[in-house]
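Have a look at the structure below before the remarks.
The values are calculated or read from the model by the stated rules, or taken from the named source; none is laboratory data. Because the structure is a prediction, the values reported are computed rather than measured. Don't worry about glycine lacking a Cβ; one is built from the backbone with ideal geometry, like all the others, and counts go over all protein chains shown. Side chains included, ligands, DNA and RNA excluded: accessible areas come from the protein's heavy atoms. Shrake-Rupley method; radii C 1.70, N 1.55, O 1.52, S 1.80 Å.
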Amino acid sequence: MAAERLVVIGGDAAGMSAASQARRLRSPDELEITAFERGHFTSYSACGIPYWVGGEVDGPDALIARSPEAHRERSIDLRMRTEVTEIDVAGRRVR
């Protein structure tokens with residue numbers, strides 16, 4: 001039986017938390033996870049941005065909880081700098 005698919009749109013803390021939770025519940029053989037992030041960062045703490053602006057955090061890298069490589073090591077296909085512009089639920093595709 002082919003693995004089910006899960007698509008996550010948005011690689012911020014919430015999106016990657018959802019992908020990570022799905023991975024904890026289902027193995028790569030059971031569930032294929034693909035996440036799309038249009039920006040340069042993933043798993044970042046948006047609520048930490050005021051600390052960065054206020055000079056209490058050195059830079060944006062300090063707000064990142066996990067790198068794209070860390071997600072890929074957990075069998076989450078993370079595609080950075082890839083914007084989803086359309087969701088075709090009936091056709092089971094994203095563009």
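HN-Hα J couplings of the range 44-56 from phi, Karplus 6.51/-1.76/1.60, θ = phi - 60°, integer Hz, Gly and Pro as x?
Along the range 44-56, the couplings run 8, 8, 4, 6, x, 4, x, 5, 5, 4, x, x, 7 Hz.
Counting alpha carbon pairs within less than 8 Å and at least 6 residues apart, what relative contact order, in whole percent, applies to the chain?
30 percent
Under a 5 Å amide H to amide H cut-off, with H placed in plane at 1.01 Å, what residues pair with A35 once short-range neighbours are removed?
When sequence neighbours closer than 5 places are left aside, the close amide H contacts are V8, D77, L78, R79.
Where does each of 65-77, 46-58 land if you order them by average Cβ count within 10 Å, highest first?
Descending packing order for the listed peptides: 65-77, 46-58.
Might you tell me the accessible area per residue for the range 9-58, computed with a 1.4 Å probe and given in Å²?
Value returned for the range 9-58: 60 Å² of accessible area per residue.
May I ask for the percentage of alpha-carbon pairs in the chain that lie more than 19 Å from each other?
45 percent
For the chain, give the magnitude of the charge dipole about the Cα centre (Cβ charges: +1 Lys/Arg, -1 Asp/Glu; no others), in debye to the nearest 20.
Rounded to the nearest 20 debye, it is 280 debye.
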